[in-house]
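**Q** A single structure is presented below for examination.
The values are calculated or read from the model by the stated rules, or taken from the named source; none is laboratory data. Since this is a predicted model, take the numbers as computed values, not measurements. Counting neighbours? That spans all protein chains shown, and the Cβs are built from the backbone with ideal geometry, glycine included.
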Amino acid sequence: MKTMLVPATLLAFAATSFAPGLAAESAMSGTPKVYLISSQNGSGESGTVVLTPQGDKTQVDVALAGAPSGIPQPAHVHTGTCSNLDPAPKYPLAPVKDGVSSTVVNASLASLTGGGFAVNVHKSGDDIKTYVACGNLGA
């Protein structure tokens, strides 16, 4: 199993960059799961995705350090892994803007973390084919 170290500043960024009230919602909804998002294609963008159960749905919060300012970057949950991604999105996410995105998707936490899904971020709406960051969900 590959272990990755995450700088404390990146974890602090992730913890403080989500929608207000995430901690309160998490306490009421269940334990969030955190996964790393790694840079792709030399983008320098990396961070975390936090999955928080919301009953039969899941809140997906993305936090990226190194993201461009003011440029919305499309993001999706895809079937597959970062190394073998189905290009057709399974669940669309709110675009990552200024490094953050928050979306509730119509899928349970268990289904998203059971293996076989990844969160992928694209360079821009105009350059959707260029992947800038990706993180595998689940085991």
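**Q** Can you tell me how many residues in the stretch 29-42 are out of contact with any Pro (no Cβ under 9 Å at 6 or more places or on another chain) and assigned to a loop (DSSP other than H, G, I, E, B)?
**A** Total satisfying the criteria: 3.
**Q** If you take the residues of the stretch 30-60 that are surrounded by 18 or more Cβ atoms within 10 Å (Cβ to Cβ) and without any contact (Cβ under 8 Å) to a residue 40 or more places away in the chain, which of them is farthest from residue 78 (Cα to Cα)?
**A** 32
**Q** Take residue 123 and decide whether it is at pLDDT 95 or above and more than 11 Å from the chain's Cα centre (by Cα).
**A** Yes; evaluated as a whole, the condition is true for this residue.
**Q** Within the stretch 95-139, work out how many residues are in a strand (DSSP E or B) and surrounded by fewer than 17 Cβ atoms within 10 Å (Cβ to Cβ).
**A** Here the count works out to 2.
**Q** Are there any pairs with C-beta distances below 8 angstrom linking a residue in the stretch 72-93 that is farther than 19 Å from residue 48 by Cβ to a residue that is of a type in the set (Asp, Glu) and in a strand (DSSP E or B), with the two at least 6 apart or on different chains, and if so which?
**A** Here the result reads 79/86; 80/86, each pair linking the stretch 72-93 to a residue that is of a type in the set (Asp, Glu) and in a strand (DSSP E or B).
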